[in-house]
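Colleague: Below you'll find the structure I mean.
Bear in mind that the values in this text are calculations on the coordinates, not laboratory data. No experiment lies behind these values; they were computed from the predicted model shown.
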């Protein structure tokens, strides 16, 4: 709040009437917190503030080092300039598509990793773990993230009230960063799963040759064995 430039203004700490300093693109809590001294009526009820002490000075260690009296401050929050919105939307759509694509393969991996009579139990246990460690704590975690981006809390009777202003830039960074951390951790576990699956498959395909050494000859399926073929005799009979 830059107490040096507005120390003598006696500003209301719960007032939220933002003004934007056009030159620096900084939003102040109110004209009082910006240290504005003059207000000009431009058109009907549209005002413009000038001679704002906090926008005219550079603050260095709570001391005024230089000033100008040419800046203009207007009511309202400063506009956000996002030049990477389209690439971000494209990347997010691609990641959500991959998230949906892998659901069926993961379900098949779970069902093939257990015995047939334990599949229902395995799926139930899997969904319970997902809801216990994902769905239940996620509202609390993301709520704390949103609160961390709040820059102005109203107070009432000495207690913290609602958030009047959230820094959208920090909020975007926190939520996107948390999402990448969670998805990155999940991707790491997928690589571990892939490694163990290939290791088990390689172990199943490994047999011993006649000299006692390992060979990667695939096992015969459907009850076939090595050796000379045995003729098959088909016996048929009819009832009298």
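Colleague: Would you mind checking the radius of gyration and Dmax of region 82-199 based on alpha-carbon positions, in Å?
Modeller: 19.8, 63
Colleague: Can you give the relative contact order of region 82-199 as a percent, counting alpha carbon pairs under 8 Å and 6+ residues apart?
Modeller: 12 percent
Colleague: Per 10 Å bin, what is the whole-percent P(r) computed from every C-alpha pair distance within region 75-116?
Modeller: 22, 23, 21, 16, 11, 5, 2
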